[in-house]
Amino acid sequence: MKKNILLSLIMILIIVAVAGCGGPKTERPAPASFDTKKISGELTYEIKDNKLMLKSDANLRDGTIMRFSVESVLGKQLVFEDVTKNGDNLAVQFDLSQISDESVYCFLTAAPTLYGKQPQEVTDAYGKKFENLYSDNEQTIIWTNSEGVIAIFSTGEINLKDAE
């Protein structure tokens, strides 16, 4: 009898665990059609004088808090710098001695709260969860249940050893 109760409890736990693994899924809120903001841009790099220079022409609004990061091919963040967009001078540089990996990916990302509270004028334009942002490039916009929309610009893989 105890064995049957124990097996029943184990089965119930397994069913609950499997059924509840994903948690509740929230759909991306639909923006009002007149409120959408199309984002575009590229992230480029240059290696010169033992520095990795990253530059972007992303058309995000001035005041947006963003993060430049360099990550290993396994996804480990190696170095980063948070910036606030101010005009067209969206650029940073990292000393190559700070980056131990030979192959890396570089990113520029913007999110509603990951890098600090966005200014009111940014959330007024983009929405509290950046739900008003869209892009023709589906890899530029990612929706997450917890954060909302994350805008991502990437260089693709860079082999630092060959680039010097």
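Please treat every number below as a calculation from the coordinates, not as lab data. None of these values were measured; they are calculated from a predicted model.
Which pairs, out of 38/161; 38/128; 38/76; 48/117; 76/128; 117/161, put more than 26 Å between their alpha-carbon atoms?
Pairs exceeding 26 Å: 38/161; 38/76; 48/117; 76/128; 117/161.
Calculate, in nm to one decimal, what residue 50 and residue 138 gain on full extension: separation in residues at 0.36 nm each, minus their alpha carbon distance.
Gain on stretching residue 50 to residue 138: 28.3 nm.
Obtain the radius of gyration and the Kirkwood radius of the range 27-163 from its C-alpha atoms and give Rg over Rh.
Looking at the range 27-163, the ratio lands at 0.99.
Tell me which aspartates and glutamates have Cα within less than 17 Å of residue 129's Cα, excluding those fewer than 8 residues away on the same chain?
The reachable aspartates and glutamates, counting only those whose Cα sits under 17 Å from residue 129, are 27, 35, 121, 147.
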